[in-house]
Amino acid sequence: MINKLPNWLNAQGQDKDIVISSRVRLARNIDDLLFPHRMNADDKDKLLDSISETIGSSSFKKDAGNMKLLKLDELSGLDREFLLEKHLISPNMLDNYHNRGIVLGLDESISILINEEDHFRIQSFISGLNLKDAFVIADKVDDELEKFYNYAYHEKYGYITSCPTNIGTGIRFSVMMHLPALSMTGGLKEIQRILKSDGFAIRGFFGEGSEGYGSLYQISNQFTVGVKEADIMLDLEKRINNIIVKEKACRDRLFKQKPYVMQDMIFRAFGNLKYSVLLTTKEGMNNVSLIRLGVERGLLFDECIDYNQLNSLIVLAQPAGLQNYFGKSMSPDEREKLRPRLFKEILKIGG
C-alpha cells in the first residue's frame, strides 16, 4: 500500500488545471482519554490495538470500507517520509512516530491518523475542486467511528480538541492549488492578506512554515468554533473560485503582454527536464510548474504531456518518492543524478 500513488493525483476533478486536490480533515478525541501528548506509551498502544479491531469488524467494513492500520514504529524511515510526501501523515508524525499509526483506505482517498495531536485525525482527499464529496467521505467514516468510541464533546463549544483553534466542528477544509501566474506577478501577497483577515490561510506545499515551490499552495480555514461545517465549506469554495478567476486572468495578461518571454520560459523548462543530468527537487518542481502552465495554454511539445503525469511528479520528485520509484536508498548526490531519469521516464521525453 505504501508504494502506490494516492488517488488524489489522478487529475480527474473540477478545475484540474489549477486545483490539484481537495482535502477535509476532522479532529476527534475520545472522552475518557488524555490528549495524546499526555498519554503514556501503553495507553497509546492500547488505542492502536483498539482501532485495529474496530476497522476489522464487519460492521465498520460494511459502511466505511476496507482499511488497514500501519504502525509507524514498524515502518522504515523512508516509508514514513513517503507517507509525508503523499500528505498522508503530518511532519509532526515523521519526527515523533513512536506509538502512532495511520489507517489507510485501499486507494488512499481516506486516512485516519492515530495519536497525532488528537486521538483521531480523519482525512479524505479528492482530485480537483470537490470539497463536498470529500466531506461526505470523511463524515461517513466519522459516523462509523462514533459507533465504537464516545467523542469528547461540549454542548456549547462542540468537539473538544488538543489545539483551541480546532474546537467546535473540528473541521479543516483545504485545497491545493497551482498558482504560477499569481506567484510571478506578486499577486499572492494581496490574496494572502485578505485571506488572513477573513480567517483563512495560504501555506506552502507541506503546510504551515513550508515553501510554495512549484507554485503549489494550500488554502484552508483557520477557525472552526461557532461556524457550521457547510458554511465554512461554502465560504472557502467562494474564495477558491475567486482565486481561480484571478489566476486565469493573470495568465491571460502575462501571455498577452509578454508572449515570447512566457513561451521562452516554458520551453526552457521543458529543455531542462529533457537534457539535464542533475536536478534538485526544487528545480524539478519549478520546471514542472512551467510545463504545466504550458499544457494549460495549449503549447505544443514534441511529446504529449498530460496533467496525470505532471501530478504524479508532485510526489515522485520528492526525496522519498524518488527512492521509492527506483526501489533503493540513495544519498542526496545520487538522487540529483537519478532525478532527471525520473522526469524523462514519467513524461516520456527521452533525451
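None of the figures in this text is laboratory data; all of them are computed from the coordinates on show. It should be emphasised that the depicted structure is a prediction, and the values quoted were computed from it without experimental measurement. Reconstructed Cβ throughout: ideal geometry from the backbone, glycine too, with neighbour counts over all protein chains shown.
Listed values, structure above:
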{"read-out": "Taking the convex hull of Cα positions in segment 180-321, its mean projected area over all directions (nm²)", "value": "10.0"}
{"read-out": "Tensor-based shape of segment 37-167 (alpha-carbon gyration tensor, a/c under 1.5 rounded, otherwise prolate or oblate)", "value": "rounded"}
{"read-out": "5 angstrom amide H check on SER109, placed H, neighbours 5+ away", "value": "ASN7"}
{"read-out": "Label-to-label distance, nm, for residues given as GLN14 and LEU278 (7 Å Cα→Cβ offset)", "value": "4.6"}
{"read-out": "Expected 222 nm ellipticity per residue - DSSP helices of 4 or more, -39500 (n - 2.57), all of the chain, to 500", "value": "-15000 deg cm²/dmol"}
{"read-out": "Residues ASN242 and ASP264, FRET efficiency given R0 of 22 Å [Cβ-Cβ distance, rounded to 0.05]", "value": "0.15"}
{"read-out": "For segment 21-34, 3J(HN,Hα) per residue [Karplus equation, 6.51 cos²θ - 1.76 cosθ + 1.60, θ = phi - 60°, Hz, x = Gly/Pro]", "value": "7, 10, 9, 10, 10, 10, 9, 9, 9, 8, 4, 9, 10, 5"}
{"read-out": "Size of electric dipole in the chain: Cβ of Lys, Arg +1 and of Asp, Glu -1, about Cα centre, debye, nearest 20", "value": "1300"}
{"read-out": "The chain: most fluctuating residue of SER50, SER215, SER21 per GNM, C-alpha cutoff 10 Å", "value": "SER50"}
{"read-out": "Virtual spin-label span in nm between LYS61 and SER331, 7 Å along Cα→Cβ", "value": "4.8"}
{"read-out": "Lys/Arg +1, Asp/Glu -1 at C-beta; segment 259-347 dipole; positive extreme among TYR325, TYR260, VAL295", "value": "TYR325"}
{"read-out": "The chain: angle of helix 229-257 to the longest principal axis, Cα-based, in degrees nearest 10", "value": "10"}
{"read-out": "Within the chain, longest stretch free of exposed trypsin sites (Lys or Arg not before Pro) [DSSP loop, at most 12 other beta carbons within 10 Å]", "value": "5-146"}
{"read-out": "Nearest-ten-degree value, helix 41-56 long axis tilted from longest Cα axis of the chain", "value": "80"}
{"read-out": "Spin-label zone in segment 163-183 - amide nitrogen under 15 Å from a point set 7 Å from the Cα of ALA201 along the C-beta vector", "value": "163-167, 170-176"}
{"read-out": "Computed label-point distance, nm, for sites LEU78 and ARG341 using a 7 Å Cα→Cβ extension", "value": "1.4"}
{"read-out": "Unit charges at the beta carbon, dipole of segment 7-249: most positive-side option, GLY56, SER127, ILE89", "value": "SER127"}
{"read-out": "Dipole of the chain [Lys/Arg +1, Asp/Glu -1 at C-beta], most positive-end residue of HIS37, PHE205, GLY65", "value": "PHE205"}
{"read-out": "Nearest-20 debye value, segment 259-347 charge dipole, Cβ charges on Lys, Arg, Asp, Glu", "value": "160"}
{"read-out": "Amide H contacts under 5 Å for GLY204, placed H, 5+ residues apart", "value": "GLY209, SER210, GLN218"}
{"read-out": "Backbone HN-Hα couplings from phi across segment 105-122 [Karplus 6.51/-1.76/1.60, Hz, Gly and Pro as x]", "value": "x, 5, 9, 6, 7, 9, 8, 10, 7, 10, 6, 7, 5, 10, 4, 10, 10, 8"}
{"read-out": "Helix 332-347 axis, angle to the chain major axis (alpha carbon atoms, nearest 10°)", "value": "80"}
{"read-out": "Equivalent ellipsoid, segment 7-249 (semi-axes from 5 times Cα gyration tensor eigenvalues, Å)", "value": "30, 19, 17"}
{"read-out": "Within-14-Å neighbourhood charge of ALA11 [Cβ basis; K, R +1; D, E -1]", "value": "-2"}
{"read-out": "Under 5 Å, built H, 5+ apart or other chain: amide partners of SER21", "value": "GLY128, MET176"}
{"read-out": "Relative contact order of segment 7-249, pairs being alpha-carbon contacts under 8 Å that are 6 or more residues apart, as %", "value": "25"}
{"read-out": "Reciprocal mean inverse distance between Cα atoms of segment 259-347 - Kirkwood radius, Å", "value": "13.2"}
{"read-out": "Karplus (6.51, -1.76, 1.60) ³J(HN,Hα), θ = phi - 60°, over segment 75-80, in Hz, Gly and Pro reported as x", "value": "9, 6, x, 5, 5, 5"}
